[in-house]
Amino acid sequence: MTIRVIMDTDPGIDDAAALTMAINDPQINLELITTVAGNVTVDKTTKNALKIVRFFDQEIPVAMGAKKPLIKEFEDAARIHGESGMPGYDFPADLPAPMEISAVEALRDFILDSDEKITLVPTGSYTNIALLFSEYPEVKDNIERIVAMGGALGKGNMTSAAEFNVFTDPDAAKIVYNSGIPIVMIGLDITMKALITPETLTTIEKMNETGKMLHDIIINDGDNNSNGIAMHDVNTIFYLLHPEAIQTEKMWIDIVTDGPAIGETVGDIRGAYHNGKVNANVAVDIDAAAFNKWFIDEVSKMPK
């Protein structure tokens, strides 16, 4: 049985790798891709999503979304992902066109028209989804769950307190976490453990054209060290397919929306503030070796 998925994304190197896995794994039916400003501006994230769709000769619709966060000023991550957001590989130039309707309209239509509940996988800021819930709350009834990359129970990667996706639009994140929909939080607590190792990169580079493409964009990620490179967003797809490899804990997540800790995800680990209520299943540990093995196995099966 396949998992029906919509990805809301801001490619970005690790987003591109996550899209690659979702497009090609037979257990996932990726029905729609929506884009948002994040790693780079939304015109660039949309172009990058279309590059991945075109690379695999797919006809998955792509809809352009929000150009900026709900309230705070937009700050990109071009220092990490490069000016284009996805440097290092010469993608085809004959790209398909994005949908004529907005991401929010596309999300509404696809979710309401689906005869089965949809899994939403946001790997960028949550602006599109927050707008969707605010404008069309009726879609919530046809969403199975949200598996979201973002947040951290401890140290951030944008500020001392905040992870980038949540920091980009904390007001949107607050709407999503208060939506009442089951949420799995795939945050830095595991993505900084499951690094793509140098050995994995060397292996996939020689495997096929997909492996070369992934290798060439991943090595351009500015957030790397000698132990490997964090492919944050790919962990959402790994979780969908192998939840047994990721340890989770249920807790309430609050979002800080102003002040020096803006964008922080505060987990009520002790159950001290919400009378035992929870709103998220938070990833706290991962089998990093299994993640790397899975990554290699997935690439080995790619069609090109």
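The values are calculated or read from the model by the stated rules, or taken from the named source; none is laboratory data. What you are looking at is a predicted structure, and each value in this text was computed from that prediction instead of being measured. Note that each Cβ is placed from the backbone with ideal geometry, even for glycine, and that neighbours are counted across all protein chains shown.
Determine whether LYS293 is touching a residue at least 12 places away in the same chain (Cβ under 8 Å) and over 20 Å from the mean Cα position of the chain (by Cα).
no
Considering only segment 230-245, I want to know if a residue exists there that is more than 19 Å from the chain's Cα centre (by Cα), of a type in the set (Val, Ile, Thr) and at pLDDT 95 or above. Walk me through it before giving the result.
Within segment 230-245, the subset more than 19 Å from the chain's Cα centre (by Cα) is 244.
Going one step further and asking which of them are of a type in the set (Val, Ile, Thr), we end up with none.
No: segment 230-245 contains no residue that is more than 19 Å from the chain's Cα centre (by Cα), of a type in the set (Val, Ile, Thr) and at pLDDT 95 or above.
Within the set of pairs 6 or more residues apart or between chains, which connect a residue that is farther than 16 Å from PHE291 by Cα inside segment 12-23 to a residue that is acidic (Asp, Glu) and modelled with pLDDT under 95 with Cβ atoms less than 6 Å apart?
Pairs found: ILE13/ASP221.
Does LYS117 satisfy being basic (Lys, Arg) and out of contact with any Lys or Arg (no Cβ under 8 Å at 6 or more places or on another chain)?
Details: basic (Lys, Arg): yes; out of contact with any Lys or Arg (no Cβ under 8 Å at 6 or more places or on another chain): no.
No: the conditions fail for LYS117.
How many residues does segment 45-93 contain that are without any contact (Cβ under 8 Å) to a residue 60 or more places away in the chain, charged (D, E, K, R) and within 22 Å of GLY263 (Cβ to Cβ)?
Qualifying residue count, segment 45-93: 4.
Of all residues in segment 152-178 being farther than 19 Å from ASP76 by Cβ and not in a helix (DSSP H, G or I), which is nearest to the chain's Cα centre (by Cα)?
By that ranking, first place goes to ALA152.
Being surrounded by 16 or more Cβ atoms within 10 Å (Cβ to Cβ), closer than 22 Å to ALA173 by Cα and of a type in the set (A, V, I, L, M, F, W, C) narrows it down to one residue among PHE74, PHE55; which is it? Even if it seems obvious, please write down each step before you answer.
Numbers: PHE55 fails: closer than 22 Å to ALA173 by Cα.
Of the residues listed, the single one that is surrounded by 16 or more Cβ atoms within 10 Å (Cβ to Cβ), closer than 22 Å to ALA173 by Cα and of a type in the set (A, V, I, L, M, F, W, C) is PHE74.
Could you figure out which of (1) in contact with a Ser or Thr (Cβ under 9 Å, 6 or more places away or on another chain); (2) modelled with pLDDT of 95 or more isn't true of MET158?
Only one criterion is unmet by MET158, namely (2).
Given the condition β-branched (Val, Ile, Thr), more than 19 Å from LEU30 (Cβ to Cβ) and outside any loop (DSSP other than H, G, I, E, B), answer yes or no: does some residue in segment 124-135 qualify?
Yes: one or more hits.
Hey, can you tell me all the residues within segment 261-290 that are free of Cβ contacts under 8 Å to residues at least 40 places away in the same chain, touching a strand residue (DSSP E or B) at 6+ places or on another chain (Cβ under 6 Å) and either among the acidic types (Asp, Glu) or outside any loop (DSSP other than H, G, I, E, B) (or both)?
VAL266, ASP268
Checking the structure you have, find out if any residue of segment 133-142 is under 19 Å from the mean Cα position of the chain (by Cα), of a type in the set (A, V, I, L, M) and either buried (at least 21 other Cβ atoms within 10 Å of the Cβ) or within 24 Å of VAL284 (Cβ to Cβ) (or both).
no
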